[in-house]
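The next block holds one structure in the form of structure tokens; read it before the comments.
Each reported figure results from applying straightforward, stated rules to the coordinates on display, with no laboratory input. Keep in mind the model is a prediction, meaning the values are calculated, not measured. Glycine also receives a Cβ, built like all others from the backbone with ideal geometry; neighbour counts cover every protein chain displayed.
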Ligand code: T1G
């Protein structure tokens, strides 16, 4: 029967037609793929010899959704709905043959097929919520009709990829084919459907499960409560819930109307645009100019960690989780035993939550060995130093590593602040030195800043980026500068937050504004959580800062029941009159005339200097692209993904002209802390975007 178009081929096996799509990388529902389905099904059903049709994909996966790159563009060719109607109303059974990931529009296409067959390794899901969307091609109306409203609520608000075996149990797929034999399995299933004259099972007509939930609003009320905390600020989860509610309380076609209306609101909205930016940014961040698949990689089969403290322990767990043996070195046995004990306790706690088995606990702790002898690191492929922040101590360790470690080993430091070029300069192999800046807790936080030093080789960079992916991190390649990218930008916000509470705001005002903006916690609540005395020494305290005064008063944060806030026995924070008086007193001593400060000014004073610093980082070449900075702040500092990241927010939501104007206004009023970056001025002057300027 031959080619339908460049991405769709129709063939037959006896009375079974096989429509094969092949549109790399993920058979997304681009215009040609939609046309291929529409014309392919049409042609197959027009042939009276065809008794059933198998829809299958070549390449690594079944259809992984709508083509996200087409959003916002004028659609061409048959719509997705046209293609789906062609399938659902076909005169013969259509069987979806699923491998890889049937996601979003891909699963929605499969749900218009009359039957679904999958290989055991396949997964199905409706992850549109992760793009600030909802399944807009009938998924919110068909899924609950198969899996029930409760499971549908969970799937559309988490975007989880459900393994095929579970899909079979839920009725989402009708049969599992042998792994690697999907086509054979699907054709055999199709022949069975024909032989047994099975009906054209239209999911849209399966109403039992939705009708059974009618008149039970508590299903939705309870569900809303259960996800309120983790979906704070997001629009899409609530809209997804409203669609499932419509599936229960309305007819199929009325439900489809609700779905279309809400989908249109989301796809044209600010949040989804930001989340789609982040989707592509998370894929761009791995691409390093000058490094490609031909760049040599150093095999990493054994890792060494120096320091069994909080960071060293957490870092070790990442490698053990990936099955890579780790040797942790500490100067003395006691801190080593303590560190290894903490690692085991962390694993046991995870097992108690049912996320891993006790067998996993034994396997992973079994991969982590301790030693008090640096020579134990001699045969490691990568050594990560994670001791306290002191240049002399770190340089001494790197001199030793230079002597002990085998040629070709990567010597990495977990420093979050010190100059890695200075650390590398004490070794005879600076090309092997790199920064691997993990975030605490290191076994949980997804972000890894990979810090290239002046002499770091491409092999070491390429190997480090690949390794980051292997241990489940998202890595951004950054340059050596104070605070690298994440902390350097954080310092801008911290500085302004401290100035604002002098000028008239209170710590709880600043925290409220940033919390409402979508950050997980404001700077002052964060300091109370971490402990105000982190790095503070009583003997050096001169009472020159609010923090000094609070620590001297033993208000050291949550752990002492008081810090910037007062805390009750449940650690619930309340604004503190004591702190209010201290701040007013401080301002008076510094002859600062306090004034009313609006929430808008608090937000702009805290956020715009962050964006401006991002511009400086780009112009200095300390980050490859603007979206990498967004990835750092979203994955390391809790910047709300529905605001795209600081650089996206500045350019696409606020507008660079407004950011620049405000920076200039603040510079006049508050000094050169607000001096605009040259690249920001250039972008506004030339009316160019960061990507047009090559960032
Ligand atoms: N559209 C366009 N490009 C896509 C794409 C998509 N849906 N999915 C992946 N790509 C590109 C990606 O940018 C990358 O490109 C390459 O494919 C490999 O991806 C109507 C509205 C499928 C699990 O949300 O989750 O359907 O960087 O690096 O790690 O209701 O991609 O190589 O140039 O991620 O193996 C819903 C999104 C869409 C699934 C594979 N679907 N994709 O992961 O590879 S909305 C999704 C993924 C929708 C309907 C609605 C993953 C993956 P490049 P990759 P991977």
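Observations
- The range 558-678 - convex hull of alpha carbons, volume per residue in Å³: 162 Å³
- The chain shape via C-alpha gyration tensor axes, a/c threshold 1.5: prolate
- Segment residue 194-residue 175, extension gain: residue separation times 0.36 nm, minus the distance between their alpha carbons: 5.3 nm
- Shape descriptor for the range 401-447: Rg over Rh equals 1.03 (Cα atoms; Rh from the Kirkwood inverse mean 1/r).
- 222 nm mean residue ellipticity, helices alone, for the chain (DSSP H n ≥ 4; -39,500 (n - 2.57); rounded to 500): -14000 deg cm²/dmol
- If the segment from residue 160 to residue 470 were pulled out straight at 0.36 nm per residue, it would be longer than the present Cα-Cα gap by 109.5 nm.
- Extending 7 Å from the Cα toward the beta-carbon at both residue 590 and residue 206 defines two label points whose distance is 6.5 nm.
- Global geometry of the range 417-471, whether rounded, prolate or oblate, following the gyration tensor of its Cα atoms and the 1.5 cut on a/c: oblate
- Relative contact order %, the range 380-507, counting alpha carbon pairs below 8 Å whose residues are six or more apart: 19 percent
- By other beta-carbon atoms within 10 Å, ranking 656, 377 with the fewest at the front produces 656, 377.
- Per the Cα gyration tensor, the range 332-375 maps to an equivalent ellipsoid with semi-axes of 24, 11, 5 Å, ordered largest to smallest.
- Relative contact order [Cα under 8 Å, 6+ residues apart], the range 206-290, whole percent: 28 percent
- The share of alpha-carbon pairs in the range 362-465 lying farther apart than 17 Å comes to 53%.
- Inter-centroid distance (Cα atoms) of the range 296-351 relative to the range 409-466, Å: 17 Å
- Computing FRET efficiency as 1/(1 + (r/R0)^6) for residue 542 and residue 494, where r is the C-beta to C-beta distance and R0 is 25 Å, gives about 0.80.
- Based on Cα atoms of the range 4-45, Rg over Rh with Rh as the Kirkwood radius reads 0.98.
- Two-site FRET efficiency, residue 79 against residue 48, from Cβ-Cβ distance with R₀ of 22 Å, rounded to 0.05: 0.20
- If you wrap the range 451-529 in the convex hull of its Cα atoms and look at it from every side, the mean projected area works out to 6.9 nm².
- Residue 58 versus residue 600: modelled label distance in nm, points set 7 Å from Cα along the beta carbon direction: 5.8 nm
- For the range 430-576, share of DSSP beta bridges that run antiparallel, in % to the nearest 5: 60 percent
- Residue order, fewest to most beta carbons within 10 Å, for 331, 429: 331, 429
- Largest first, the extents of the alpha carbon coordinates of the range 31-106 on the three principal axes equal 40, 27, 17 Å.
- Taking the Kirkwood radius as Rh and the Cα radius of gyration as Rg, the range 36-163 has a ratio of Rg/Rh equal to 0.96.
- When both the range 84-163 and the range 11-81 are represented by their alpha-carbon centers, they are found 15 Å apart.
- Chain lengthening between residue 12 and residue 352 when straightened (0.36 nm per residue, less Cα-Cα): 117.1 nm
- Relative contact order (%) - criterion: Cα under 8 Å, at least six apart; region: the chain: 8 percent
- Using a Förster distance of 60 Å, the FRET efficiency for residue 71-residue 552 (Cβ separation, nearest 0.05): 0.60
- In this simple spin-label approximation, residue 667 and residue 268 carry label points 7 Å from Cα along the Cα→Cβ vector, and these lie 3.9 nm apart.
- Counted over the chain, the DSSP beta bridges are approximately 35% antiparallel.
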